[in-house]
1. Would you check which residues across the stretch 96-132 are among the polar types (S, T, N, Q) and in contact with a strand residue (DSSP E or B) (Cβ under 7 Å, 6 or more places away or on another chain) and list them?
2. Can you tell me which condition residue 83 does not meet? The list is (1) farther than 19 Å from residue 120 by Cα; (2) out of contact with any strand residue (DSSP E or B) (no Cβ under 7 Å at 6 or more places or on another chain), and all the others hold.
3. Assess whether residue 54 counts as being within 19 Å of residue 1 (Cβ to Cβ), over 15 Å from the mean Cα position of the chain (by Cα) and assigned to a helix (DSSP H, G or I).
4. I'd like to verify a number: residues in the stretch 80-97 that are surrounded by fewer than 22 Cβ atoms within 10 Å (Cβ to Cβ) and under 18 Å from residue 68 (Cα atoms), how many?
5. Among the residues of the stretch 97-108, is any of a type outside the set (Lys, Arg), over 15 Å from the mean Cα position of the chain (by Cα), closer than 18 Å to residue 6 by Cβ and not in a loop (DSSP other than H, G, I, E, B)?
6. Within the set of pairs 6 or more residues apart or between chains, which connect a residue that is more than 25 Å from residue 67 (Cβ to Cβ) inside the stretch 9-34 to a residue that is assigned to a helix (DSSP H, G or I) with Cβ atoms less than 6 Å apart?
7. Taking the stretch 23-35 only, how many residues are farther than 15 Å from residue 5 by Cβ and not in a loop (DSSP other than H, G, I, E, B)?
Amino acid sequence: MILVDSSVWIGYFNGKINPQTDWLHFALGKEVIIVGDLILAEVLQGFKRDRDFHKARELLSNFQFMEMLGQELAIKSAENYRFLRKKGVTVRKTIDVIIGTFCIHHNISLLHDDQDFDPLAKHLKLKVIQCG
């Protein structure tokens with residue numbers, strides 16, 4: 001199972017070609033791809049045209065859906081953030097710590113195009129898809 005971060009979905013929908021969007025393109029229909037509620041919100045909020053919004057919503061609804069937060073993971077995300085801070089690492093976006101913590105907790109690999117996940121991979125054993 002693979003969670004695709006909004007950094008990859010946004011690039012994919014915008015026609016960006018890079019190792020992550022290529023990996024996603026070839027994985028569609030072959031891998032179990034998870035769409036999380038937080039990622040769904042991040043991706044869909046960026047569409048300007050209603051037609052594009054509805055098309056993306058329909059496409060994303062074809063994947064397995066999971067809610068990503070709750071009390072247990074909220075607390076674990078805070079603990080992970082604090083752990084990284086003690087190591088001298090500050091992750092810029094709280095949502096990235098939540099996404100990483102979700103993946104670690106559920107043993108799901110992450111496909112991303114965002115350097116904020118690097119410390120989670122290095123210090124917290126977040127499994128990431130290597131694309132290049």
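FYI, it's all coordinate maths here, none of it is from the lab. From a predicted model like this one, the values you see are computed outputs, not experimental measurements. FYI the Cβ positions are ideal-geometry reconstructions off the backbone, even for glycines, and counts take in every protein chain you see.
1. Of everything in the stretch 96-132, just one residue is among the polar types (S, T, N, Q) and in contact with a strand residue (DSSP E or B) (Cβ under 7 Å, 6 or more places away or on another chain), namely 109.
2. (1)
3. Taking the combined requirement at face value, the residue does not satisfy it.
4. Result for the stretch 80-97: 4.
5. Scanning the stretch 97-108, I find no residue that is of a type outside the set (Lys, Arg), over 15 Å from the mean Cα position of the chain (by Cα), closer than 18 Å to residue 6 by Cβ and not in a loop (DSSP other than H, G, I, E, B), so the answer is no.
6. Here the result reads 21/11; 21/12, each pair linking the stretch 9-34 to a residue that is assigned to a helix (DSSP H, G or I).
7. Residues flagged as farther than 15 Å from residue 5 by Cβ and not in a loop (DSSP other than H, G, I, E, B) within the stretch 23-35 amount to 2.
For (1) surrounded by 12 or more Cβ atoms within 10 Å (Cβ to Cβ); (2) in contact with a Leu (Cβ under 7 Å, 6 or more places away or on another chain), each residue gets a yes or a no:
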{"residue": "1", "(1), (2)": "yes, no"}
{"residue": "17", "(1), (2)": "no, no"}
{"residue": "34", "(1), (2)": "yes, yes"}
{"residue": "44", "(1), (2)": "yes, no"}
{"residue": "71", "(1), (2)": "no, no"}
{"residue": "77", "(1), (2)": "yes, no"}
{"residue": "101", "(1), (2)": "yes, yes"}
